[in-house]
1. Yes or no: segment 172-184 includes at least one residue that is surrounded by 24 or more Cβ atoms within 10 Å (Cβ to Cβ), in the same structural domain as residue 270 (by TED's automatic domain parsing) and over 18 Å from the mean Cα position of the chain (by Cα).
2. Looking at segment 202-235 only, could you name the residues that are under 15 Å from residue 145 (Cα atoms) and not in a helix (DSSP H, G or I)?
3. Of the residues 53, 125, only one is at pLDDT below 90, out of contact with any strand residue (DSSP E or B) (no Cβ under 8 Å at 6 or more places or on another chain) and assigned by TED's automatic domain parsing to the domain that holds residue 207; which?
4. Taking residue 285 as the residue in question, decide whether it is assigned by TED's automatic domain parsing to the domain that holds residue 191, in contact (Cβ under 8 Å) with a residue 24 or more places away in the chain and either assigned to a loop (DSSP other than H, G, I, E, B) or closer than 30 Å to residue 146 by Cβ (or both).
5. Specify which of the listed residues (241, 237) is crowded, with 21+ Cβ neighbours inside 10 Å and either in the same structural domain as residue 138 (by TED's automatic domain parsing) or out of contact with any helix residue (DSSP H, G or I) (no Cβ under 6 Å at 6 or more places or on another chain) (or both).
6. Here is a check on your reading of the model: is residue 92 without any contact (Cβ under 8 Å) to a residue 40 or more places away in the chain and closer than 17 Å to residue 176 by Cα?
7. Being on the phi < 0 side of the Ramachandran plot, assigned to a strand (DSSP E or B) and not assigned by TED's automatic domain parsing to the domain that holds residue 178 is true for just one of 21, 35, 76. Which residue is that?
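The values are calculated or read from the model by the stated rules, or taken from the named source; none is laboratory data. What you are looking at is a predicted structure, and each value in this text was computed from that prediction instead of being measured. Here the Cβ is made from the backbone with ideal geometry for all residues, glycine too, and neighbour counts use every protein chain on show.
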């Protein structure tokens, strides 16, 4: 109705992904949640849209104020509030045409949100640990992880450190390269989607809570890959799960499901829902059913 020819967003991942979804809605005359249901991603496609979906005609410029890095992805995460599930809508043209990394504007971002979404960017190290990793994606992600591991504590110590904030932004950008190149995420992302949809756990907090536990559970099958993560964070030879846990603790972020008020009574629902996400079935250590998801949840309890 406004006749807009451009979408400009300033904010975090929810704002960015919401605008990606709006691009699809405008192109396909989707005006209600019920109409969007008809374009629900097809099962097993990791967010692939039905062939009848028109590409966006109104494009997006985004100025991110957090570190979740969704602006570098052609995926829009949308929560179906009726079904309490997070769905991924994937289209190559919904990725923003321009991303403006302005570290000064992030001075207004609440500390907990900046640091927790920074851990969400660190969580993209799941791509480094994937059995489908490749050397090009590794190079980008490992450098990004190194920038984040240095930059986040500097911002914690001095919130006005603009250079550290820019390092974090660049690190978050680089951390997305595996996913953008087709390397899947794993159980931390998959379980995180369910924690957000069912229990309203903030996006970044899900990574703070789940990533160390997933690393510990996966270690029997990818210890060599995890060693790359520890080294990139300045702790060569140490256990990556322990390094991440200590790093998260040092930033004052939550470290357990109890910290985010998720109780064991909900583990069954979480495990069932996680199996329906695109990432849990592609975890480097095979997850064949909800019982194994519960093992991870117990580690994070």
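1. No.
2. 233, 234, 235
3. 125
4. Values: assigned by TED's automatic domain parsing to the domain that holds residue 191: yes; in contact (Cβ under 8 Å) with a residue 24 or more places away in the chain: yes; either assigned to a loop (DSSP other than H, G, I, E, B) or closer than 30 Å to residue 146 by Cβ (or both): yes.
Considered against the rule, which asks whether it is assigned by TED's automatic domain parsing to the domain that holds residue 191, in contact (Cβ under 8 Å) with a residue 24 or more places away in the chain and either assigned to a loop (DSSP other than H, G, I, E, B) or closer than 30 Å to residue 146 by Cβ (or both), residue 285 comes out as yes.
5. It is 241.
6. Working: without any contact (Cβ under 8 Å) to a residue 40 or more places away in the chain: yes; closer than 17 Å to residue 176 by Cα: yes.
Considered against the rule, which asks whether it is without any contact (Cβ under 8 Å) to a residue 40 or more places away in the chain and closer than 17 Å to residue 176 by Cα, residue 92 comes out as yes.
7. The unique qualifying residue is 76.
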